[in-house]
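To start, the structure itself, in structure tokens.
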Amino acid sequence: MDVLLTYDYELFFGEDAGSVERCMLEPTRRILDVLDRHGAKATFYVDAGYLVRCQGLGADERGRTEVTAQLRRLRAGGHGVELHVHPHWEDAVFEGARWVMNPARYRLADFSSEAADRIVHSYSDSLSSAVGQRPVAYRAGGWCCQPFAHFADALFRSGIRVESTVVPGARSMSRGRGYDFTGSPVAPWWRFESDPLEPVRGGRFVELPITAMKVSPSFYWRIAASRLARRSEDRAFGDGRSLTGDRDRLLRAMTRTSIVPVGLDGTKAMTLRTARRVARGRGPLVAIGHPKAQTPRSLALLDAFLAAHPQDRFVATRTWYEESIGEATSDLASRVE
Ligand SMILES: [Zn+2]
């Protein structure tokens, strides 16, 4: 079975953005140490707004240089470097040696279609020039890919062919940052035209959903317990603070069954143990994590998962697309409009 390990490569967006070294560079090196031991490849969905904003403001030159160097190493090592869009970078400022975020306009849908178009193209272009290859896959920041039709043309014209945000069955009521995937098909992948929840035969995009699983409240009790215990193996490498709502959501989830993505972060990486059963041997299995949220425990769980399934193929999203869909992505660059 094909297994796609995917990481959203980014800083934090709450009161403290954290440092490039601790949120991106160091945990990514640690992830690579584990992957290299097993010859596994992963995909990094890079928060390209960071690169664009650094350049636009002439700020954080050192961080941008180091991130660019790491992204080039990832590509050279056969890992995927794809597009992750958090458009609220448009409103971020760099003050004293730190980023100050303003998440008021959090979703691409919060911008006019002209602005969304410009954002998609500039983020995609900046990633292309950083690694010398156009991204072919897209993941929305904070799962906010709706309404997709608002920016579908821009993504397609910038060379994107794969959408990998949907977590079938999941929903968040979070104000201004919600998403609703309850109407999603449940299949390893499908084609669509402008709404990822509506399959269209021969559609221009491929939806490659993040594998979802049902968990009982005990899953969240274990997460809460590990937070309370404050063991060093559960301490995340990232040194910033998340946007919010985490605590309320956690309390709600502790009382009912919920649908969660197969995860690679912290205690949530325990989902890897049953993930293959959820995918029922039908690949690809798509798991999601973040370098900033890695902990010694999550890395150990990843290591154990890789060691337990040497027969699986741990490939980058781009490789999966080329082999399973049968389209060479090297041709895409010439077709960018
Ligand atoms: Zn993100």
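At a glance:
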| read-out | value |
| --- | --- |
| Local net charge near P103, Cβ-Cβ under 9 Å (Lys/Arg +1, Asp/Glu -1) | +1 |
| From phi via Karplus (6.51, -1.76, 1.60), per-residue ³J(HN,Hα) for segment 14-29 in Hz, x at Gly/Pro | x, 4, 10, 6, x, 9, 4, 4, 7, 8, 10, 5, 5, x, 5, 4 |
| Gain on full stretching of the segment that runs from A300 to R62 - 0.36 nm per residue minus C-alpha separation | 82.6 nm |
| Extension gain (nm, one decimal) between R277 and Q55, 0.36 nm per residue minus Cα-Cα | 75.5 nm |
| Per-peptide average of other Cβ atoms within 10 Å, ordering 6-16, 315-325, 229-239 highest first | 6-16, 315-325, 229-239 |
| Sum of -39500 (n - 2.57) over DSSP H runs of 4+, divided by residues of the chain (222 nm, nearest 500) | -10000 deg cm²/dmol |
| About the Cα centre, charge dipole magnitude for segment 2-335 (Lys/Arg +1, Asp/Glu -1 at Cβ), debye | 1160 debye |
| Whole-number Å³ per residue for the convex hull built on Cα positions in segment 2-335 | 125 Å³ |
| Inter-site label distance for D180 and R118 at 7 Å from Cα along Cβ, in nm | 3.1 nm |
| Amide hydrogen neighbours beyond the local backbone of Y7, cut-off 5 Å, H modeled | T43, F44, Y45, G289 |
| Selection from G63, S19, I259, by position along the positive dipole direction of the chain (Cβ) | I259 |
| Mean Cβ count within 10 Å, highest first, over the residues of peptides 190-200, 272-282 | 190-200, 272-282 |
| Relative contact order for segment 2-335, counting Cα pairs under 8 Å that sit 6 or more residues apart, in percent | 25 percent |
| Packing-based ranking, highest mean first, of 134-141, 115-122 given that Cβ atoms within 10 Å are counted | 134-141, 115-122 |
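Read-outs throughout are calculated quantities, based only on the coordinates presented, and are distinct from any laboratory measurement. All values derive from a computational prediction rather than experimental measurement. Please note: Cβ atoms are built from the backbone with ideal geometry, for glycine as well, and neighbour counts cover all protein chains shown.
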